[in-house]
Amino acid sequence: MVRTSGVTDAPRHRWRGVAFFRRSLLILFVLGQTAVACYYLLWVLPYHGGTWLELGMTALFAILYAWIAIGFWTAVLGFVLRLIGGDRHALLRRHSSEALADTPLAKTAILLPIYHEPVHWTLSGLKAVYRDIERTGHIEHFEFYILSDSRDPNVWLEEQATWHALARELGAEGRLFYRRRPVNLNYKSGNVADFLRRWGRRCKYMVVLDADSLLSGETVVRMVRLMEREPGVGILQTNPTIINGQSLFARLQQFANRFYSTLFATGLAAIQMGDAAFWGHNAILRVEPFMKHCGLPKLPGFGIFGGPIMSHDFVEAAYMGRAGYEIWLETGLGNSFEESPPTLADELSRDNRWAKGNLQHLWVMLREPGLRFAHRMAFLNGIMAYVASPLWLGFLILTTVEAARMTLSPIEYFPEGRVGLFPLWPEWRPEWALSLALTTLSLLFLPKFLAIVDAVLHRYARKYGGFLKLFASVLLEIVISVLLAPVRMWAHSRFVVGALLNLSLTWAGQNRTEETTWREALVTQLPGMLLGGFWSAFAWSLDPLFFLWSLPVAIPLLLAAPTAVFLSRTGPGSYLRDRGLLSIPEELEAPLPLLEDARRFRAAEAGDHLLSPFEQAVLVPRLNRLHQALARNHRRGPRRAELEASVHRCLNRGAESLSSGELSFLARDRASLEELHAGAWRAPDNSYWGQCIGRKNRPQGPL
């Protein structure tokens with residue numbers, strides 16, 4: 001085990017007994033409550049579980065109810081812990097503020113893996129993080145690495161130019177680095193692995209960011225110091241807060257994340273303790289054990305269970321735990337931020353990738369030896385986040401079949417081979433069904449009202465606009481969550497089926513600004529809308545009462561397209577923000593310097609957009625020299641003739657005559673960039689490059 005000289009090694013296994021007690025209590029409550037609910041369901045069903053159909057319904061109900069109950073009791077635990085002053089076993093509670101302040105810092109790398117992200121916006125966020133760490137007075141302990149997997153030459157050429165300008169502006173030459181992998185293997189984890197092979201031994205720790213991540217300098221410094229005082233900790237995960245929501249959908253997501261996570265994250269951290277999960281970003285990792293133990297193998301199975309692991313973070317945490325290191329979620333580390341997808345379509349597109357990655361974890365959970373039980377349960381929880389949807393859909397299908405059988409078929413007094421003198425009389429208990437439905441809904445919604453009670457008790461409701469506006473915001477969030485639940489159920493069910501069939505997926509940068517069009521909404525939501533309409537019509541033909549029971553699912557599916565369009569609009573989001581609804585503390589209080597810097601840097605002029613980044617790389621002398629310095633000499637290889645032909649075609653017919661791959665190959669060759677620069681400036685005024693020079697010389701802003 002890695003030790004840090006001169007630092008007290010706090011007892012690392014005392015928490016395991018506390019964690020075992022808490023987890024055992026959670027399991028007892030969940031299983032006990034689920035057993036009671038299943039008992040009620042059996043008495044609600046007409047044959048009380050006497051048919052295979054009813055047994056199937058009960059089995060699916062038990063799985064779904066237990067999964068919901070876990071979230072409920074996690075929130076309750078968080079509420080209780082906050083009521084008594086917090087979790088005294090939390091990692092941050094082991095050390096006083098004075099002891100942390102006196103702890104020396106160690107060399108730490110700040111990693112920003114990117115793939116086809118908005119360049120100016122993304123690197124402006126990194127600039128804000130750099131400036132905030134600089135304000136702490138400890139910038140000399142940190143290095144920054146932009147790790148690009150971008151393939152489009154107009155993206156990565158802009159990345160290189162923006163990085164170079166940023167390094168000069170910050171005076172960060174020798175501290176701010178950029179690398180683009182020539183071959184994109186194994187997604188984000190492969191990008192980080194490439195960094196570790198090249199520079200991993202330069203730093204003791206690495207802080208991993210996402211393109212939309214913001215971490216305050218004070219938080220980063222505290223993370224490093226806490227890791228120095230806890231040599232048994234391999235990963236320290238913050239609880240990121242969603243900010244900067246503009247569309248109504250994004251504002252709903254950020255309000256729910258910011259307000260409800262106070263309880264959920266506290267309860268989750270108390271249950272997981274030193275066996276927490278790694279969420280892939282806004283966390284600090286100990287480099288040496290990560291390099292030694294967390295290399296990801298290719299899955300040896302079939303279909304999605306073969307090939308590279310797509311969702312790497314949970315697996316890396318499990319491997320770190322198997323090596324004897326602790327992983328902690330520390331909610332006391334504040335000022336950790338990220339952003340939400342702006343539309344439902346973007347969230348579902350992301351979920352499509354995550355569903356496939358999480359299902360891969362089934363192979364790791366069942367077949368990897370030596371993993372801790374808590375990490376196997378984390379895998380299961382991640383899998384259930386998507387598998388719950390087809391299970392719910394299956395439960396609805398079985399319910400419909402049961403209703404149809406009771407309506408269209410004669411009563412079976414001796415169902416499915418039942419023998420004996422006494423028939424099984426079907427019984428209906430509508431009052432039991434109603435009470436069961438209400439108790440199930442309470443598991444979903446009671447934690448949200450507990451969060452309101454917590455806000456009142458701890459006097460922070462004013463940070464959300466006051467009690468009345470906070471209460472109205474919660475009600476609004478609940479209504480829209482109910483509308484979105486069936487839409488997500490249908491989408492996630494399709495994603496799970498597609499993942500199991502190993503359908504190929506595209507991986508692209510996240511949309512940050514665009515709203516959903518009616519055409520896009522209708523194309524993506526039409527199957528679910530048709531399903532909702534047909535199901536509702538069929539329910540009406542069976543029984544008016546069953547039709548009423550179908551409406552909470554059918555109506556949201558029928559309204560899926562207008563809901564998706566409306567939620568993507570920034571107008572409704574701005575309207576509610578101006579009236580103090582769905583507000584978060586970061587909007588109502590004086591902004592942190594980090595957030596103010598990020599807003600100001602991102603709003604600043606990004607430069608001239610009359611020329612593409614490739615055209616700028618050819619024409620602008622300083623950019624051409626920069627890209628030449630970063631390029632290599634490919635003329636000595638077998639593709640020399642291809643390069644020369646591409647240069648000739650580009651000079652005569654312009655960049656538009658070449659494919660993205662050909663442009664990328666030219667931009668990576670030093671001699672080609674030099675030839676293109678010289679040839680373009682000699683081009684006639686009426687040629688492609690002559691017209692580009694004319695656009696370049698227009699007074700439209702700095703290049």
*Sort the following peptides by mean Cβ neighbour count (other Cβ atoms within 10 Å, averaged over residues), highest first: 297-308, 130-141, 155-166.*
155-166, 130-141, 297-308
*Divide by every residue of the chain the summed helix terms, -39500 (n - 2.57) for each DSSP H run of at least 4, and state the resulting mean residue ellipticity at 222 nm, rounded to the nearest 500 deg cm²/dmol.*
-20000 deg cm²/dmol
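Within a Cβ distance under 11 Å of residue 318, other residues only, what is the Lys/Arg minus Asp/Glu net charge? Don't jump to the answer; show the numbers that get you there.
Values: positive: 322, 372, 376; negative: 275, 313, 316, 368.
Charge balance near residue 318 sits at -1.
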*the chain: Lys pairs at Cα distance under 23 angstrom, eight or more positions apart or on different chains*: 14
*What's the FRET efficiency of residue 537 with residue 678 using the Cβ-Cβ distance as r and R₀ = 51 Å, to the nearest 0.05?*
0.15
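So, by mean Cβ neighbours within 10 angstrom, what's the order for 105-117, 365-377 with the highest one leading? All intermediate terms of the calculation are to be shown ahead of the outcome.
Values: 105-117: 21.0, 365-377: 15.2.
By packing density, highest mean first, the sequence is 105-117, 365-377.
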*Helix 467-500 sits at what angle to the longest principal axis of the chain, using alpha carbons and giving 0 to 90 degrees rounded to 10?*
80
_Unit charges at the beta carbon, dipole of the chain: most positive-side option, 348, 224, 499_ = 224
*What is the Cα convex hull volume of region 188-260 when expressed per residue in Å³?*
133
_Explain nothing, just the number: dipole magnitude of region 192-329 about its Cα centre with +1 on each Lys and Arg Cβ and -1 on each Asp and Glu Cβ, in debye rounded to the nearest 20._
340
*How many percent of the alpha carbon pairs in the chain exceed a separation of 47 Å?*
25
_Cleavage-rule hits, GluC sites (Glu not before Pro), region 451-541, DSSP coil, Cβ neighbours within 10 Å at most 13_ = 514
*What are the radius of gyration and Dmax of region 595-678, computed over its Cα atoms and given in Å?*
15.4, 52
_Of 125, 273, 147, which is farthest towards the positive pole of the chain's charge dipole, taken about the Cα centre with +1 and -1 on the beta-carbons of Lys, Arg and Asp, Glu respectively?_
147
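What size of dipole, in debye to the nearest 20, comes out for the chain about its Cα centre when the only charges are +1 on Lys and Arg C-beta atoms and -1 on Asp and Glu C-beta atoms? Don't skip to the end; give the middle numbers.
On the way: 74 positive and 62 negative charges, 347 e Å.
The calculation lands at about 1660 debye.
Just to confirm the filter: which trypsin sites (Lys or Arg not before Pro) across region 431-502 are DSSP coil and have at most 11 other Cβ within 10 angstrom of their Cβ? Don't skip to the end; give the middle numbers.
Working: sites: 448, 459, 462, 463, 469, 488, 494; in loops: 459.
Passing both the DSSP loop test and the Cβ count: 459.
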*Nearest-5 percent of antiparallel DSSP beta bridges in the chain?*
30
*asked:* Students often check this: by mean Cβ neighbours within 10 Å, which of 205-214, 651-660 ranks highest, and how do the rest follow?
replied: 205-214, 651-660
_the chain: angle of helix 518-542 to the longest principal axis, Cα-based, in degrees nearest 10_ = 10
*Taking the inverse of the average 1/r across all pairs of different Cα atoms in region 75-194, what Kirkwood radius in Å do you get?*
17.1
*With the convex hull built on the Cα atoms of region 251-313, state its orientation-averaged projected area in nm².*
6.7
*Work out the charge dipole of the chain with +1 on the Cβ of Lys and Arg and -1 on the Cβ of Asp and Glu about the Cα centre, then indicate which of 67, 655, 627 is farthest towards its positive end.*
627
*Any chance you could list P(r) for region 554-649, counting all Cα-Cα pairs in 10 angstrom bins from zero, rounded to whole %?*
11, 18, 20, 16, 19, 14, 2
_If I fit a long axis through the Cα atoms of helix 187-199 and take the longest principal axis of the Cα atoms of the chain, what angle between them do I get, 0 to 90°, rounded to 10?_
50
_Probe 1.4 Å, protein heavy atoms only - accessible area per residue of region 1-155 in square angstrom_ = 44
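Over the chain, what percent of the accessible surface lies on carbon and sulfur atoms, probe 1.4 Å?
About 61 percent, which is the carbon plus sulfur part of the accessible surface.
Just how many % of Cα pairs in region 483-609 lie over 17 Å apart, if you round to the nearest whole percent?
Numbers: 5913 of 8001 pairs.
Value for region 483-609 (Cα pairs over 17 Å): 74 percent.
Normalised by the empirical 2.2 N^0.38 Å for globular proteins, what value does the Cα Rg of region 208-325 take? Let's see the in-between values first.
Working: Rg = 16.3 Å, N = 118, 2.2 N^0.38 = 13.5 Å.
The value comes to 1.21.
The values are calculated or read from the model by the stated rules, or taken from the named source; none is laboratory data. Treat the numbers as computed from the prediction; the structure is a model and nothing was measured. Every residue, glycine among them, receives a Cβ derived from its backbone with ideal geometry; neighbour counts consider all protein chains shown. Please note that ligands, DNA and RNA were not included when accessible areas were found on the heavy atoms of the full protein model with its side chains. Shrake-Rupley method; radii C 1.70, N 1.55, O 1.52, S 1.80 Å.
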